[in-house]
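Report on one structure; see the data block that follows.
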Amino acid sequence: MKRAFPILVFLVVAFLGYAMYQALVVAPTDQLQGNVYRIIYYHVPSAWTAFLLFGINFVASVVYLMSRNAKADTIALVGAEVGVVFCTVNLVTGPIWARPVWGIWWTWDVRLTSTLVLWLIYLSYLMLRRFSTSGQTPVLAAALAIFGALDVPLVYFSIWIFRTQHPQPVIGGGGSIDPRMLHVLLINWLAFLCLAALLCWSRYRLEYMRRELEETQALEALLEPRGSL
Amino acid sequence: MKFLYAAYISTWVIHLSYVGMLLRRYVRLKHEFEELKK
């Protein structure tokens, strides 16, 4: 797998390049918004990928609470961390798109506010994992992850339930999109999923290494002769 | 166009910053492993 990693990185970077070419060159220009609408090809796939990763975090947290399986705990951590990265992209590209289209950077409507709350919940999850020294940290984090996951459907369905500044969903729910644009959107989502898979795999390996190091250090400390006593 | 470029550039800045963070963590862990072996 060590040898395959650079090839995988190359393939993912090439696919991301192809997806960007599709988004910036091949996709037709929007008649109303002009070229600025092309932000959709990064904004929407980032949100979908973040939702998927938070879903993985939720399932892994439930599994951890039921079985105390260390692998499930690691998967939960990885899902949350990479999910926060994609959610950050979504929260940054949104206002950049909103400014030329709505005339404002931000508005406190349900979709935008619930997305910000979602990001803050998972950020607090990561801070809990990073700074808490309690032995119960994985359990507390898993419980927090379950509460965080409750916000995901609220974010997703908010534009169906409430009247918001945010437009209707591009797939289902009353929204519509040109099939050529939808094709490019799905290509970009697939490319983002490949990137997410690569990041998750790297982060998982890193966490595995960290735990291995901690175990070795603990073992060394136990075996060390107590010369001063 | 400047908003479009700003969105794309900020996306890659965020992703590359995260990749950089992972690389730094990897280098530090590898160094700690080597220290432990000595």
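Quick test for you: out of A:Ser46, A:Ser61, A:Ser67, pick the one residue that is surrounded by fewer than 23 Cβ atoms within 10 Å (Cβ to Cβ) and either more than 14 Å from chain B (Cβ to nearest Cβ) or of a type in the set (S, T, N, Q) (or both).
Numbers: A:Ser46 fails: surrounded by fewer than 23 Cβ atoms within 10 Å (Cβ to Cβ); A:Ser61 fails: surrounded by fewer than 23 Cβ atoms within 10 Å (Cβ to Cβ).
Result: A:Ser67 is the single residue among A:Ser46, A:Ser61, A:Ser67 that is surrounded by fewer than 23 Cβ atoms within 10 Å (Cβ to Cβ) and either more than 14 Å from chain B (Cβ to nearest Cβ) or of a type in the set (S, T, N, Q) (or both).
Anything in the range B:8-25 that is of a type in the set (D, E, K, R) and more than 10 Å from chain A (Cβ to nearest Cβ)? List them, or say none.
B:Arg24 - this is the single residue of the range B:8-25 that is of a type in the set (D, E, K, R) and more than 10 Å from chain A (Cβ to nearest Cβ).
Within the range A:87-119, work out how many residues are under 14 Å from the mean Cα position of the chain (by Cα), touching a residue at least 60 places away in the same chain (Cβ under 8 Å) and within 9 Å of chain B (Cβ to nearest Cβ).
0
Filter the range A:203-219 down to the residues that are among the charged types (D, E, K, R) and touching a Leu at 6+ places or on another chain (Cβ under 7 Å), then identify the one that is nearest to A:Ala80 (Cα to Cα).
Filtering first and then ranking leaves A:Arg203.
Against the condition farther than 30 Å from A:Pro179 by Cβ, modelled with pLDDT of 95 or more, touching a Phe, Trp or Tyr at 6+ places or on another chain (Cβ under 9 Å) and among the small types (Gly, Ala, Ser), how does A:Ala70 come out, does it pass?
For A:Ala70, the condition - farther than 30 Å from A:Pro179 by Cβ, modelled with pLDDT of 95 or more, touching a Phe, Trp or Tyr at 6+ places or on another chain (Cβ under 9 Å) and among the small types (Gly, Ala, Ser) - is not met.
For the range A:142-153, does any single residue satisfy the condition of being among the aliphatic types (A, V, I, L, M), buried (at least 18 other Cβ atoms within 10 Å of the Cβ), touching a Pro at 6+ places or on another chain (Cβ under 8 Å) and in contact (Cβ under 8 Å) with a residue 12 or more places away in the chain? Quick ask: steps written out before the conclusion?
Residues of the range A:142-153 that are among the aliphatic types (A, V, I, L, M), as a first pass: A:142-146, A:149-150, A:152.
Narrowing the set further to residues that are buried (at least 18 other Cβ atoms within 10 Å of the Cβ) leaves A:142, A:144-145, A:149, A:152.
Then keep just the ones that are touching a Pro at 6+ places or on another chain (Cβ under 8 Å); that gives none.
No: the range A:142-153 contains no residue that is among the aliphatic types (A, V, I, L, M), buried (at least 18 other Cβ atoms within 10 Å of the Cβ), touching a Pro at 6+ places or on another chain (Cβ under 8 Å) and in contact (Cβ under 8 Å) with a residue 12 or more places away in the chain.
What is the one condition in (1) surrounded by fewer than 19 Cβ atoms within 10 Å (Cβ to Cβ); (2) within 12 Å of chain B (Cβ to nearest Cβ); (3) within 19 Å of A:Trp201 (Cβ to Cβ) that A:Gly55 does not satisfy?
So the condition that A:Gly55 fails would be (2).
Can you find even one residue in the range A:66-82 that is in a helix (DSSP H, G or I) and under 21 Å from B:Ala7 (Cβ atoms)?
Yes; the residues of the range A:66-82 include at least one that is in a helix (DSSP H, G or I) and under 21 Å from B:Ala7 (Cβ atoms).
The values are calculated or read from the model by the stated rules, or taken from the named source; none is laboratory data. Remember, it's a predicted structure, so these values are computed and weren't measured experimentally. Reconstructed Cβ throughout: ideal geometry from the backbone, glycine too, with neighbour counts over all protein chains shown.
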